[in-house]
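K.L.:
Quick one: the structure is below, questions incoming.
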Amino acid sequence: MIWFICLFLVVLILVRTAYLLSKRNEKFKSVKVFFYIILSAFLIYFPVFCKELSLSGAVVGDIINTMQMVTLDASFMDSYSVIYESIKISIIANAYILILGLLHILVPVSAIVTAYDCIVNFLSYLRVDIINLKSKDVYVFSDMNNSSIKLALDISEKMNHNVEFVFANCVEDKKIRANLSDKLNYYTVTSDRIDSIYVKLKKSKQAYFFNLSDNSDDNINNTLRLVEKYGNLPMDEQRLIHIYLFSDEKETETIVDSMNKSVLDIKYFDIARVSVYKLFDEYPLYNAINDGCISLLICGMDNIGEETLKAALWLGQLANVKLKINVIDSKAIDKKNELKLNYPEIFCDDYLVNFYQANTNDCSFISILKKYCYDTSYVVVCGENNDENNDENNIGISLYLRRFFLKQNLVAKQFPIIATYISNCEKVDVVKNLKTPELKEEKRISYEIVPFGGANSIYSYDSVMNNPIEKLSINVHLAYEEIFSGTDKIDYMKALQNYNAFEVNKKSNRANAMHIRYKLWMLGLDYTDDQNAEEVDLNEYLNEKTIDELMIAEHDRWMAFLRTEGWETASLEDVEHYKKGGFSNGKHNCSFLKMHPYICPFNELLDRSDALNLPDATKYDKELITMIPLIVKNKAITDANYKIIKRGK
């Protein structure tokens, strides 16, 4: 019976081994295959040794024999007679002999392959050590995939190809290696632990870790390990570490906030948020003002649509400008109820947000457009499933909407901006150049569709490492540190630690930074990184009227931002109750309950401040506005160096 059991187990293991070999990107494939083959060799010989020895003797003898198979020092000819004597069914005995002979070939071959892979991996780590010695900065990626390759290529180009990269968890195929060999200076290691890669730190060297796996959980786990590894270093060394976490999981923000980060630079990238922020910075909402109104249409309320709605609510807070947002989705009622649960006050009387239920391929969609969305000045097509399979549908909807709004008013001086979310980077340029089908190129008319999202725009040096919003976000925080401390002699290290403490701090400062361009628009200004541009003095544009308008706009923006984060208005009675209940640590606002007494009209702020025995809350808005020139130029931590200019120059 033992002969048949062992034969059956060997066959199962060999089938599993064949399946393992067919998998393209299996981690530690050669080691696993070697283990399975060694196990098969042990099992195939075990009945032979049991025939002549005791159980313990058979185990020892079998182990020695298996080791001899690795070194080609074992002979299977002597086992023929034992096998044929023990197995009376000739066809099974022949199969047994065949598998035994096959294993005598596979064992040494798999041993050689495994040894080769181990040596290659060891040499990879040696090459990484060489990078530590000769390279100024080191860029380490958690995986080699389309996203990491795209980002690495762009970084290399921006750095004039004078950088080297390390890809962990790398089981790339030969085609990828061939395509990259003449474009990147890179090394690979097979370890799936990005924190296992040794990086030698010194003042002249920065270390960049990109957790860019296709699996968000892997990215979160790698980030946790990196924080554990580098979080106890001296603060001046921690500042040399930059960790980029890419994740689309909603709980990621909570996990990042729970990390003991100290001053480690951890940048959490939510692809939906980054895509929308980039769109509204490059194609601002104020460019779609028509008759004093921004009328935004959002088609599709998935994660992209939700981020679009939230960002538009606080970006659209401008003096003398009305904001109207219409949302069309096939599950609009359910989506609205979900948003009401999480962000109840975005549906208060301060904002005009309408949800309409319809399929975009249904006649009801056209009826809603004609009845409620005729005045649309900005369209964002998000779709309801933000993946590459939805790109074609988004493009189709965008083209239809362009024709629809043209037909509604053929003599209009201003047609709506139409932006569509595109996941596939290869389609981005195609969408940009969509034109009518005419034989002569000069007669073709552009549909003027703005694509956003996709790897081309998100996984790039400018979006990830040189993003002006991220730079200005830190500078906004530094400005508030000065305002609340009452001195410009702040501890930058401590300020950076405070900035990194919680993601909501970053999000709040980020929203403030994005709105700087919108505030400058109210004055007929903008900012640019063109150092040859003619700079203007912001103070020349500030007077009592413009300062008041900017203060109100800033308060309304702050209030809308908090509401899109789920915060609600707190009455003076509420403040007294949660203070007594110990929910706010004695503060007037309560982050635990997400309640704030200053979520109120601007003209009520002073009275509320007085009632709470607090300084005039309006002065903080005024001070921030006057510090905008410093925010766009503060190089204490970032290399932000922007000029305030007249719009159009």
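K.L.:
When you go through (1) in a helix (DSSP H, G or I); (2) modelled with pLDDT of 85 or more; (3) of a type outside the set (Lys, Arg); (4) under 30 Å from the mean Cα position of the chain (by Cα) one by one for Tyr125, which number turns out not to apply?
P.N.:
(2)
K.L.:
Quick check: is even one residue across the range 13-24 open to solvent by 40 Å² or more (accessible area, probe 1.4 Å) and at positive phi?
P.N.:
no
K.L.:
Just checking, how many residues over the range 324-344 are assigned to a helix (DSSP H, G or I) and crowded, with 20+ Cβ neighbours inside 10 Å? Full working, then the answer.
P.N.:
At the first step, the residues of the range 324-344 found to be assigned to a helix (DSSP H, G or I) are 332-342, 344.
Next cut, crowded, with 20+ Cβ neighbours inside 10 Å only: 335, 339.
Going through the range 324-344 one residue at a time, the tally reaches 2.
K.L.:
Within the range 345-364, track down each residue that is outside any loop (DSSP other than H, G, I, E, B) and at pLDDT below 95. Can you show your working first?
P.N.:
Let us first name the residues in the range 345-364 that are outside any loop (DSSP other than H, G, I, E, B), namely 345-347, 352-357, 363-364.
Answer for the range 345-364, where residues must be outside any loop (DSSP other than H, G, I, E, B) and at pLDDT below 95: Cys363, Ser364.
K.L.:
Looking only at residues that are under 45 Å from the mean Cα position of the chain (by Cα) and outside any helix (DSSP H, G or I) in the range 1-37, which one is modelled with the highest pLDDT?
P.N.:
Lys23
K.L.:
OK, next. Exactly one condition in (1) at pLDDT below 75; (2) loosely packed, with under 14 Cβ neighbours inside 10 Å; (3) within 17 Å of Ile271 (Cα to Cα) is false for Cys425; which is it?
P.N.:
Unmet condition: (2).
K.L.:
What are the residue pairs meeting all of these: first residue in the range 241-267, first residue at positive phi, second residue open to solvent by 40 Å² or more (accessible area, probe 1.4 Å), Cβ atoms under 9 Å, and 6 or more apart or on different chains?
P.N.:
Every condition considered, the pairs that remain are Ser262/Asn232; Ser262/Leu233; Ser262/Met235; Ser262/Gln497.
K.L.:
Within the range 279-304, work out how many residues are open to solvent by 20 Å² or more (accessible area, probe 1.4 Å) and either more than 25 Å from Ala319 (Cβ to Cβ) or in a loop (DSSP other than H, G, I, E, B) (or both).
P.N.:
Qualifying residue count for the region: 5.
K.L.:
In addition: Go through the residues of the range 133-151 one by one and say whether even a single one is in a helix (DSSP H, G or I) and modelled with pLDDT under 75.
P.N.:
Checked the range 133-151: at least one residue is in a helix (DSSP H, G or I) and modelled with pLDDT under 75.
K.L.:
I've got another one for you. For the structure I just gave you, tell me whether Leu98 is modelled with pLDDT of 80 or more and surrounded by 14 or more Cβ atoms within 10 Å (Cβ to Cβ).
P.N.:
On the way: modelled with pLDDT of 80 or more: yes; surrounded by 14 or more Cβ atoms within 10 Å (Cβ to Cβ): no.
So Leu98 fails the test.
K.L.:
Given the options Ile368, Ile417, Ile304, Ile397, name the one that is within 24 Å of Gly566 (Cα to Cα) and in contact (Cβ under 8 Å) with a residue 40 or more places away in the chain.
P.N.:
None of the other options fit; the residue is Ile304.
K.L.:
Tell me which residues, restricted to the range 253-267, are open to solvent by less than 20 Å² (accessible area, probe 1.4 Å) and either at pLDDT 90 or above or touching a strand residue (DSSP E or B) at 6+ places or on another chain (Cβ under 6 Å) (or both).
P.N.:
Selection gives Val256, Leu264, Ile266.
K.L.:
Report whether or not Asn466 is open to solvent by less than 30 Å² (accessible area, probe 1.4 Å) and either at pLDDT below 95 or over 18 Å from Lys646 (Cα atoms) (or both). It would help to see each step written out before you state the result.
P.N.:
On the way: open to solvent by less than 30 Å² (accessible area, probe 1.4 Å): no; either at pLDDT below 95 or over 18 Å from Lys646 (Cα atoms) (or both): yes.
So Asn466 fails the test.
K.L.:
Could you tell me which residue of the range 595-646 is surrounded by the fewest Cβ atoms within 10 Å (Cβ to Cβ), considering only residues that are hydroxyl-bearing (Ser, Thr, Tyr) and in a loop (DSSP other than H, G, I, E, B)?
P.N.:
Thr638
K.L.:
Return yes or no: is Glu549 at pLDDT 95 or above and either among the polar types (S, T, N, Q) or open to solvent by 40 Å² or more (accessible area, probe 1.4 Å) (or both)? If you could, list the steps in order and put the result at the bottom.
P.N.:
Values: at pLDDT 95 or above: yes; either among the polar types (S, T, N, Q) or open to solvent by 40 Å² or more (accessible area, probe 1.4 Å) (or both): yes.
The answer is yes for Glu549.
K.L.:
Suppose we keep only residues that are at pLDDT below 90, open to solvent by less than 50 Å² (accessible area, probe 1.4 Å) and not in a helix (DSSP H, G or I) within the range 367-407. Which one would you say is farthest from Ala419 (Cα to Cα)?
P.N.:
Asn386
K.L.:
Please give the number of the condition Ile44 fails out of (1) open to solvent by 30 Å² or more (accessible area, probe 1.4 Å); (2) closer than 21 Å to Ala95 by Cα; (3) at pLDDT below 85.
P.N.:
(1)
K.L.:
Another question about this same structure. Can you pull out every residue in the range 564-594 that is polar (S, T, N, Q) and open to solvent by 80 Å² or more (accessible area, probe 1.4 Å)?
P.N.:
Residues of the range 564-594 that are polar (S, T, N, Q), as a first pass: 564, 569, 571, 584-585, 589, 591.
The answer is Asn585, Ser591.
K.L.:
All but one of (1) at pLDDT 85 or above; (2) buried (at least 20 other Cβ atoms within 10 Å of the Cβ) hold for Val109; which doesn't?
P.N.:
With (1) at pLDDT 85 or above; (2) buried (at least 20 other Cβ atoms within 10 Å of the Cβ) applied to Val109, the lone miss is (2).
K.L.:
What is the residue count in the range 584-640 for residues that are touching a residue at least 24 places away in the same chain (Cβ under 8 Å) and within 30 Å of Asp529 (Cα to Cα)?
P.N.:
19
K.L.:
Taking the options Val120, Val199, Val163, name whichever one is outside any loop (DSSP other than H, G, I, E, B) and either among the β-branched types (Val, Ile, Thr) or at pLDDT 70 or above (or both). Before the answer, list the steps.
P.N.:
Values: Val199 fails: outside any loop (DSSP other than H, G, I, E, B); Val163 fails: outside any loop (DSSP other than H, G, I, E, B).
Testing whether each residue is outside any loop (DSSP other than H, G, I, E, B) and either among the β-branched types (Val, Ile, Thr) or at pLDDT 70 or above (or both) leaves just Val120.
K.L.:
Taking Asp556, is it surrounded by 14 or more Cβ atoms within 10 Å (Cβ to Cβ) and outside any loop (DSSP other than H, G, I, E, B)?
P.N.:
Numbers: surrounded by 14 or more Cβ atoms within 10 Å (Cβ to Cβ): yes; outside any loop (DSSP other than H, G, I, E, B): yes.
So Asp556 passes the test.
K.L.:
Out of the residues in the range 444-497 that are touching a residue at least 24 places away in the same chain (Cβ under 8 Å) and polar (S, T, N, Q), state the one that is farthest from Thr528 (Cα to Cα).
P.N.:
Here the answer is Gln497.
K.L.:
For the subset of the range 478-525 comprising residues that are in a loop (DSSP other than H, G, I, E, B) and open to solvent by less than 40 Å² (accessible area, probe 1.4 Å), which member is modelled with the lowest pLDDT? Explain how you work it out, then say what you get.
P.N.:
Going through the range 478-525, the residues in a loop (DSSP other than H, G, I, E, B) turn out to be 486-491, 502, 523-524.
Going one step further and asking which of them are open to solvent by less than 40 Å² (accessible area, probe 1.4 Å), we end up with 490, 523-524.
Values: Ile490: 86, Leu523: 96, Gly524: 96.
The selected residue is Ile490.
The values are calculated or read from the model by the stated rules, or taken from the named source; none is laboratory data. All of these numbers come straight from a predicted model, not from anything done at the bench. Every residue, glycine among them, receives a Cβ derived from its backbone with ideal geometry; neighbour counts consider all protein chains shown. The accessibility values were calculated without ligands, DNA or RNA, using every heavy atom of the protein model including side chains. Shrake-Rupley method; radii C 1.70, N 1.55, O 1.52, S 1.80 Å.
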